[in-house]
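Below: one structure, written as structure tokens.
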Amino acid sequence: MKLLIIEDEKELSHSICSYLTYGKYTCETAYDFTDAMDKISQHDYSCIILDISLPHGNGLDILKILKQENKSEGVIIISAKNSIEDKVLGLHIGADDFLAKPFHLSELEARVTAVIRRKSFDGKNKIQLDNLILDVQEKALKGNAEKIDLTRMEYLLLEYFICNNKRVITKEAIAEHLCGENNDMADNHDFIYTHIKNLRKKLKIAGSRDSIKTVYGMGYKFHSSHL
């Protein structure tokens, strides 16, 4: 899942990004209103972590624009302002959650997971894939009660396929989802083929059918009748 962290305190932003990346998310950052709007206009995200007080603008205005444009991203407001007015206004505009600073990064991650679960997985903690279970909360794939060892990229790839079940996904979209703004392999998608090949192999060994189909000249399609 790809996240956008809109926070002008760079040290805090880097801490959030590092923690959530370790937790199997792909993170991008924006440090002011203008940068945030540029990224939102060009990319889609699973969840946006949004500070209210930003250079050159206000986070609540970003939230208003997201809702006016019917963007589907989940939004969690983080703010040093802990007044009931800010919380009520943010939730009224359309934020999915509100977290006052200072906060524990583990709590932020739990709230991000909860928002994505509601938005992308219909509120489910566990997704059935043939004889396998994807545990969204633990970010793990299990078969016969045993955890299947996936790399971070393989987990992100499988989760992305599930969220786009029965849709054709281009290699460019997959590369951006896996690597975000740090993608320096935009012109070479061999790494995507490698990750998909390894994921297919692990799913097959675990006894699951091959639900990842190659759509020649376009990209890939994941098809599961359980979803």
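The values are calculated or read from the model by the stated rules, or taken from the named source; none is laboratory data. Since we're looking at a predicted model, the values are computed, not measured. Please note: Cβ atoms are built from the backbone with ideal geometry, for glycine as well, and neighbour counts cover all protein chains shown.
Below is a table of values for the structure above.
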| item | result |
| --- | --- |
| Residue in region 57-66 that is over 14 Å from ILE5 (Cα atoms), modelled with pLDDT under 90 and surrounded by 16 or more Cβ atoms within 10 Å (Cβ to Cβ) present | no |
| One residue from SER208, SER106 being of a type in the set (Gly, Ala, Ser) and either assigned to a helix (DSSP H, G or I) or assigned by TED's automatic domain parsing to the domain that holds ILE48 (or both) | SER106 |
| Candidate set: region 12-40, residues that are part of a helix (DSSP H, G or I) and modelled with pLDDT under 90; chosen: the one surrounded by the fewest Cβ atoms within 10 Å (Cβ to Cβ) | TYR22 |
| Qualifying residues in region 161-179 (those that are aliphatic (A, V, I, L, M) and over 18 Å from SER72 (Cβ atoms)) - the one nearest to the chain's Cα centre (by Cα) | LEU178 |
| Qualifying position, being outside any strand (DSSP E or B), in contact with a strand residue (DSSP E or B) (Cβ under 8 Å, 6 or more places away or on another chain), in the same structural domain as SER53 (by TED's automatic domain parsing) and of a type in the set (A, V, I, L, M, F, W, C), among VAL75, VAL115 | VAL115 |
| Matching entry among TYR45, TYR160 (being in contact with a His (Cβ under 7 Å, 6 or more places away or on another chain) and under 19 Å from CYS27 (Cα atoms)) | TYR160 |
| Of residues in region 103-123 being at pLDDT below 85 and small (Gly, Ala, Ser), the one farthest from SER13 (Cα to Cα) | GLY123 |
